[in-house]
Each structure stands twice: as structure tokens, then as C-alpha cells.
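S.K.: Structure provided below as C-alpha cells; questions to follow.
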Amino acid sequence: MKTLNFKVGTRFYVLHFADDAAPYEELLPSHGVFLQAQTDGNPLFEMSVVDNLPEHPEEHTETIGDFVGDNGIYHVARNANGDYHLRISSPDGRLAAVFLCDSFFRKCRVMLCGTPDVRRFGMENSVIIAYTYAGAYQSALTIHASVAVVDGKAYAFLGRSGTGKSTHCELWLKHIDGAVRLNDDNPVVEIHPDGDVWIYGSPWSGKTPVYKKEGYKVGGFLRLHQAPKNSIRRLSVLEGYASLMGSVSSMFWDRESSDCIKATITRVVRHIPCYDMQCLPDESAARMSHTAMTKG
């Protein structure tokens, strides 16, 4: 048995591999910097990698549905006691993992399937799913965003796939003195006990390999829209809630976790300014958003 501990944000999680020689570096190549010697004794979740899970849900299990995401296909079912059974497939339909867990995603088991590349896909997706939904109960959100850090504060760029989140972040890096990228796909937002809102790098950064363990106070959230000219406005709290909700992973059919996520978003937007921007992919857009978010 190989047991490994990881820390993303302020939360620890534990992975157990039945084979002591399991090549975790190949299964989770972006996790190295997040490896820890030990946890604090109360991990966010524990996951065991095994090879004997039922590929299909039990008879009479409720089928929630098939969901096609940006990165894969997910068949979700739920037992009468609330436990989940997920089949995770690659974008081309190859089964990558069978994932079983309790209703709070605290105790998880996963069986990896297919070629090494497909197994890696299954492993990475299983871990982010467990982190996202176990974290929902502890005021942690995984959001789809690209994040730039300037003068010790983090600014998250939101938008639909293809809107230009990464491009806008790159424009900050190019034109705003001292700007650096923290994450380019799935950073973690947390509310600390003192009420401060922080954002952290994670092992999940899309096509841009930026895997940073550090975190910063959030300076603002900016939702982007492609447009023929640049303009920006600050959103009301209600508008900010809707904007952030559109970028947070949520299981709308699971009332308990959804209610926790909604409560966390409400707390976030009451303390952090949110903006909406119509923009071009140019230097002027970067300077306009930087000025509004840091000086407004």
C-alpha cells in the first residue's frame, strides 16, 4: 500500500494506492509541488485506487444523467443511501475511471481503465471531482478562471470557453508591470475564518502548465465578453452572484452541496467587487480592466 498526502489551498487530501510501486507521478503529473509529508489528521477526502469496482451501477440505482463537459463525459448515478457511482470517459468516449463515493465525497474509491493516457485522465478527473464537491461543504470553490497576481492581490478572469480568459491574462502579463499568472483553468477560492477571501493555485491549470501552491487575497472578479470596443462596469451584488455562479462547478441536483456552494458565493460577492467587461484582445483592454479593478 502506498499512501500519499497532498495539500491544495488550505485543504489536505489523501490518496491510497493498492500497489506500493504505483506510478503516481505518471497518473498525476501536475501534483508534485502539492505533495506533503503528512496531513493535519482531518483530510478533506480520502481516495483509494483499486481494481475491483463494478463498472455499472447496481440495479435500482437512480440515474442522474450523462453530462458532456469541456474535458470529458460523465455518467452519474446515485444509490438510495445517497452514495454516488460515476463513469468517467475521455472526450472520445473511452472509459477512463469508475468512481464510487459517499454522499459528501469524503470516502472515495476509483478504478482506472484503459491505456496509460486514459488512466491518467481518469485519475486527474476523479481527484478534482472529489476536491470540488468535498470542498463545497467547507467554503471552498473550484472556479473556471484564469488568474493574474499584481502587487500581492489576485484578479480572476471569468467567461465561457473561448471567450478569452487566458488571452486577457496574458495581456496583463505583457502590459501590467509585475503581473504574474497563478493558474489558467481551475484555481480554488476559499473563505478564511476571519472572512477574508483568498484564491490558490491548483494542480488543474488546463493547457497552461502553471502549478503553484501559493495563494493571495482576491482583488476582484471580471467576467469577459468579446466585443468591438472596450468597456467595463462594476456589478451589483446580485449581478456578481450570477456572474460567479456561472463559473463555479456545481451539481444542481444535489441540494445539500448546491446550497453550500450558493452560500459561499453569496459571502464572496458581498466582500469582493465583481466586474463585467466588453473587450477586444488588446493592450487597451488590459489597462482598462487593471485600472478599474485596482483603483476603482
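For (1) crowded, with 23+ Cβ neighbours inside 10 Å; (2) within 14 Å of the chain's Cα centre (by Cα); (3) not aliphatic (A, V, I, L, M), each residue gets a yes or a no:
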| residue | (1), (2), (3) |
| --- | --- |
| Ala148 | yes, no, no |
| Asp151 | no, no, yes |
| Tyr155 | yes, no, yes |
| Lys174 | no, no, yes |
| Asn183 | yes, yes, yes |
| Asp194 | no, no, yes |
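S.K.: Here's a follow-up. Quick one: how many residues across region 1-23 are among the hydroxyl-bearing types (Ser, Thr, Tyr) and crowded, with 17+ Cβ neighbours inside 10 Å?
M.R.: Count: 1.
S.K.: I've got another one for you. Would you tally the residues in region 21-43 being within 20 Å of the chain's Cα centre (by Cα) and of a type in the set (Phe, Trp, Tyr)?
M.R.: Qualifying residue count for the region: 1.
S.K.: Can you spot a residue in region 56-68 that is among the β-branched types (Val, Ile, Thr), over 20 Å from Lys107 (Cα atoms) and either under 21 Å from the mean Cα position of the chain (by Cα) or assigned to a loop (DSSP other than H, G, I, E, B) (or both)?
M.R.: Yes, that holds for at least one residue.
S.K.: Also, I was wondering about something else. Any chance you could count how many residues in region 271-289 are in a helix (DSSP H, G or I) and charged (D, E, K, R)?
M.R.: 2
S.K.: On to the next question. Free of Cβ contacts under 8 Å to residues at least 40 places away in the same chain, within 20 Å of Ser289 (Cα to Cα) and surrounded by fewer than 14 Cβ atoms within 10 Å (Cβ to Cβ): is that true of Ser231 in this structure?
M.R.: So Ser231 does not fit the description; no.
S.K.: Counting only residues that are of a type in the set (Ser, Thr, Tyr) and outside any helix (DSSP H, G or I), which one in region 226-250 is farthest from the chain's Cα centre (by Cα)?
M.R.: Ser231
S.K.: I've got another one for you. It is to be established whether one or more residues within region 251-270 are assigned to a loop (DSSP other than H, G, I, E, B), in contact (Cβ under 8 Å) with a residue 60 or more places away in the chain and either among the small types (Gly, Ala, Ser) or within 19 Å of Thr291 (Cβ to Cβ) (or both).
M.R.: No.
S.K.: Also: Condition check: within 14 Å of Thr132 (Cα to Cα), in the same structural domain as Arg106 (by TED's automatic domain parsing) and in a strand (DSSP E or B). Does Phe6 satisfy that?
M.R.: Here the answer is no, as Phe6 does not meet what is asked.
The values are calculated or read from the model by the stated rules, or taken from the named source; none is laboratory data. Being a predicted model, the structure only gives us computed values, none of them experimental. A quick note on method: Cβ atoms are made from the backbone with ideal geometry, for glycine too, and the neighbour counts reach across all protein chains shown.
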